[in-house]
Amino acid sequence: MSIELVFATHNAHKAREIAAMLPAGYTMKTLDEIGLHDEIPETGSTLEENSRQKVDYVLSRCTCNCFADDTGLMVDALGGAPGVYSARYAGESATYEDNVNKLLEVMNGIEERGARFATVITLSLEGEIYTFTGSVEGEITTSSSGEGGFGYDPIFLPQESNRTFAQMTMEEKASISHRGRAFAQMIDFLKHYKTK
Ligand code: IMP
């Protein structure tokens, strides 16, 4: 018997990254696949609060097992910005490209380019809540490189590589990324989980 998990996201990139990692015995559906097309509110002031808020929202609309992630890009020279506001850095309806361009502009001439991505996952499984975290250190490049991935991937160079996330395959990125690391922990937990 398999356990179905709803991934509280509308982001097809994230869903593909994670579906590829799920262990045997689990299936995954996205919000669109369960007919929940609402934009989920993200009004928390931390990644933990936002990922929990996404899970609570889904649980208020379906009886299911559910997980959500929330990610932020923290840039040292900017005191940790854009952080929890990464999706809206260039404004409420900013595109990925707008956000990338704004960050490149703000960082123009700044030599200290250290940054990290951090992800927090909240999982609600058979009525219990579990949390997993992951992060990756790197730096912000001075221009975009690569066509893959999404968000800030074309300007994030992880310490482990001389290529940006956008220049990697999905599998390469997932093997070292913030979300990949957080999900690896969740996957490990799921592999050993004994259903109630
Ligand atoms: P979310 O709230 O977890 O969807 O993430 C907030 C924002 O962070 C997204 O809109 C993206 O701009 C950025 N982001 C999240 N994950 C990644 C990633 O893996 N690579 C690049 N940018 C990301």
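The values are calculated or read from the model by the stated rules, or taken from the named source; none is laboratory data. The structure presented is a predicted model; accordingly, all values stated were derived computationally and were not measured. No Cβ is skipped: glycine too gets one built from the backbone with ideal geometry, and neighbour counts run over all protein chains shown. Heads up: the accessible areas ignore ligands, DNA and RNA and are worked out on the full protein's heavy atoms, side chains in. Shrake-Rupley method; radii C 1.70, N 1.55, O 1.52, S 1.80 Å.
Do we have Ala94 as within 9 Å of the ligand (Cβ to nearest atom), under 27 Å from Ser175 (Cβ atoms) and modelled with pLDDT of 95 or more here? Considered against the rule, which asks whether it is within 9 Å of the ligand (Cβ to nearest atom), under 27 Å from Ser175 (Cβ atoms) and modelled with pLDDT of 95 or more, Ala94 comes out as no.
Going residue by residue through region 144-157, is there one that turns out to be free of Cβ contacts under 8 Å to residues at least 40 places away in the same chain, assigned to a strand (DSSP E or B) and closer than 26 Å to Gly44 by Cβ? No - not one qualifying residue is present in region 144-157. Out of region 61-91, which residues are farther than 24 Å from Thr122 by Cβ, within 14 Å of the ligand (Cβ to nearest atom) and surrounded by 15 or more Cβ atoms within 10 Å (Cβ to Cβ)? Hits for region 61-91 are Val75, Ala90.
Within region 1-11, restricting attention to residues that are open to solvent by 60 Å² or more (accessible area, probe 1.4 Å) and touching a strand residue (DSSP E or B) at 6+ places or on another chain (Cβ under 9 Å), the residue that is farthest from the ligand (Cβ to nearest atom) is Ser2. Looking at this structure, is Asp38 over 19 Å from Phe189 (Cβ atoms), surrounded by fewer than 16 Cβ atoms within 10 Å (Cβ to Cβ) and touching a His at 6+ places or on another chain (Cβ under 8 Å)? Answer is no for this residue. Going by the structure shown, is Thr119 under 17 Å from Met21 (Cα atoms), part of a strand (DSSP E or B) and at pLDDT 95 or above? Yes, satisfied.
Just one of the numbered conditions (1) at pLDDT below 95; (2) open to solvent by 20 Å² or more (accessible area, probe 1.4 Å); (3) more than 9 Å from the ligand (Cβ to nearest atom) is not true of Gly109: (1).
For region 131-149, state whether one or more residues are near the ligand (Cβ under 10 Å from one of its atoms), touching a Gly at 6+ places or on another chain (Cβ under 8 Å) and not acidic (Asp, Glu). No, because not a single residue in region 131-149 is near the ligand (Cβ under 10 Å from one of its atoms), touching a Gly at 6+ places or on another chain (Cβ under 8 Å) and not acidic (Asp, Glu). Considering region 22-60, the residues that are over 19 Å from Arg179 (Cα atoms) and β-branched (Val, Ile, Thr) include one that is farthest from the ligand (Cβ to nearest atom), namely Ile34.
For region 159-173, the count of residues that are surrounded by fewer than 19 Cβ atoms within 10 Å (Cβ to Cβ), part of a helix (DSSP H, G or I) and either touching a Cys at 6+ places or on another chain (Cβ under 6 Å) or touching a residue at least 24 places away in the same chain (Cβ under 8 Å) (or both) is nonzero.
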